[in-house]
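Asks: Let me begin by handing over the structure; questions about it come next.
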Amino acid sequence: MSERAFDAAKFYRRSLSLEDRARLPYYGQLIDALADSPVACDLLKEARPEQRNPMLVLAALHYGALCGDEVLDPLYDAIGVVAPEEFASQVVARLEALPELVRDQLHRATQTNEPGRSAVMAAVLRELKTRGVHDVHLIDVGTSMGLNLYPDLYRVNINDHDDDDASALSMLDLYGTVGEGALPTIHQRIGIDMNPLDPDELDDVRWLDACLWPEEPERAARLRAALEQMHSWPTATRLKGSALDLIDEVVASCSSAATPVIFHSWVASYFSLNEQRVWRERVMQHVTNGALWIYFEHPLSVAGLRPPPSHIESPRHGGTQIVVSEVASEPASWGWSHPHGRWIALAPPVRQSPSP
């Protein structure tokens, strides 16, 4: 996108869904205040095109607070005490006085690595098991710290708001039904990322924490619980590099004992349109040869993937489309979910016969 065509203020205002604006009054006010700030708009324009995302600015500000900035630290601690408008105006005033707080972090990438998405992934894998997929190699593209390589090890609560287990993935709403029972056995767990994060590196963990929304303390608690448990979980491989460069090698490394499952969530939206087209072609070659492809992306952001039409509507505004391509089959829409796995509407179509 050209500098002239890029409307930073509009991009800020559209970066939260209506559902999330209603839940997050502080970030809703902050997004609008950033949109009205010429300094904040200029900073967004300075980000690399593939990371020109208001969430990067929000994460950089939160990172400053977590690092102990004398103004931001107490402001973020006061969320829920001060009014949202006061919080937003003071955060933007600090940004305008010291833009380096954000500028120094623009080399980073937004990497929420939200484990709530594993709840959606678990539902999809469980359904695939009913269709005969019993053993898989899980390949997570855009893996960040690798927290979504373990959908079989998280516990999912459905409509349960009183559970005190911080590591549980609470699905707040369920539209329709999801199956019960075990997932397919996961053999290899392989993550690919341009900048994989290390759970043993304090600054990496702090950045991952900064990418979370401070109005959702339960997500931070869940992140801490997951990081504590990761050390006892099966070993995963995290590879640094472009998925386009590495995917052929990674799939080839998978043993024939299980089906490779190529998975990504809110990753392809950072690809250029041409990269999305190339990625689709590359992955579909592997699907033809026996792999599965699962992605959770917003269809308007991944036109190059040619997302399939959905036979059900998203029950809420801003839903993420769940798309699955079974072996030797074209991608099909399996329903919708919240971007962070807060709800799911899973309705897989009747399985099609493999293409000849």
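Asks: Those residues that are more than 16 Å from His340 (Cβ to Cβ), surrounded by 15 or more Cβ atoms within 10 Å (Cβ to Cβ) and touching a strand residue (DSSP E or B) at 6+ places or on another chain (Cβ under 7 Å), I need them from the stretch 195-237; list them, please.
Replies: Result: Pro196, Ala236, Thr237.
Asks: To continue, here is another question. Given the conditions (1) surrounded by 22 or more Cβ atoms within 10 Å (Cβ to Cβ); (2) outside the structural domain of Ser242 (by TED's automatic domain parsing), and given that Val71 satisfies all but one, which numbered condition is not satisfied?
Replies: (1)
Asks: Given the options Ala345, Ala328, name the one that is of a type outside the set (S, T, N, Q), surrounded by fewer than 21 Cβ atoms within 10 Å (Cβ to Cβ) and in contact (Cβ under 8 Å) with a residue 24 or more places away in the chain.
Replies: From the options Ala345, Ala328, the qualifying one is Ala328.
Asks: Output the residues belonging to the stretch 10-27 that are more than 19 Å from the chain's Cα centre (by Cα) and either within 20 Å of Ala83 (Cα to Cα) or among the aromatic types (Phe, Trp, Tyr) (or both).
Replies: Hits for the stretch 10-27 are Arg13, Ala22, Pro25, Tyr26.
Asks: Does the stretch 46-55 hold any residues that are surrounded by 21 or more Cβ atoms within 10 Å (Cβ to Cβ) and assigned to a helix (DSSP H, G or I), and which are they?
Replies: Across the stretch 46-55, the qualifying residue is only Pro54.
Every residue, every condition in (1) of a type in the set (Asp, Glu); (2) under 30 Å from Ile312 (Cβ atoms), yes or no:
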{"residue": "Gly181", "(1), (2)": "no, yes"}
{"residue": "Asp200", "(1), (2)": "yes, no"}
{"residue": "Trp213", "(1), (2)": "no, yes"}
{"residue": "Leu223", "(1), (2)": "no, no"}
{"residue": "Asp248", "(1), (2)": "yes, no"}
{"residue": "Cys254", "(1), (2)": "no, no"}
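Asks: Confirm whether Glu85 is under 25 Å from Arg23 (Cβ atoms), in contact (Cβ under 8 Å) with a residue 24 or more places away in the chain and either touching a helix residue (DSSP H, G or I) at 6+ places or on another chain (Cβ under 8 Å) or surrounded by 14 or more Cβ atoms within 10 Å (Cβ to Cβ) (or both).
Replies: yes
Asks: Scanning for something of a type in the set (Gly, Ala, Ser), buried (at least 17 other Cβ atoms within 10 Å of the Cβ), assigned to a helix (DSSP H, G or I) and touching a residue at least 24 places away in the same chain (Cβ under 8 Å), does the stretch 121-131 turn up at least one residue?
Replies: Checking the stretch 121-131: at least one residue is of a type in the set (Gly, Ala, Ser), buried (at least 17 other Cβ atoms within 10 Å of the Cβ), assigned to a helix (DSSP H, G or I) and touching a residue at least 24 places away in the same chain (Cβ under 8 Å).
Asks: Mind listing whichever residues of the stretch 3-45 are in a loop (DSSP other than H, G, I, E, B) and crowded, with 16+ Cβ neighbours inside 10 Å?
Replies: Across the stretch 3-45, the qualifying residues are Ser15, Leu16, Ser17, Leu24, Ser37.
Asks: So which pairs qualify, if the first residue must be in the stretch 254-275 and surrounded by 20 or more Cβ atoms within 10 Å (Cβ to Cβ), the second must be part of a strand (DSSP E or B) and hydroxyl-bearing (Ser, Thr, Tyr), the Cβ gap must be under 6 Å, and the two must be at least 6 apart or on different chains?
Replies: His264/Tyr295
Asks: Spot the failing condition for Gly241; the list is (1) at positive phi; (2) in contact (Cβ under 8 Å) with a residue 60 or more places away in the chain, and only one is missed.
Replies: (2)
The values are calculated or read from the model by the stated rules, or taken from the named source; none is laboratory data. Computed from a predicted structure; not experimentally measured. Here the Cβ is made from the backbone with ideal geometry for all residues, glycine too, and neighbour counts use every protein chain on show.
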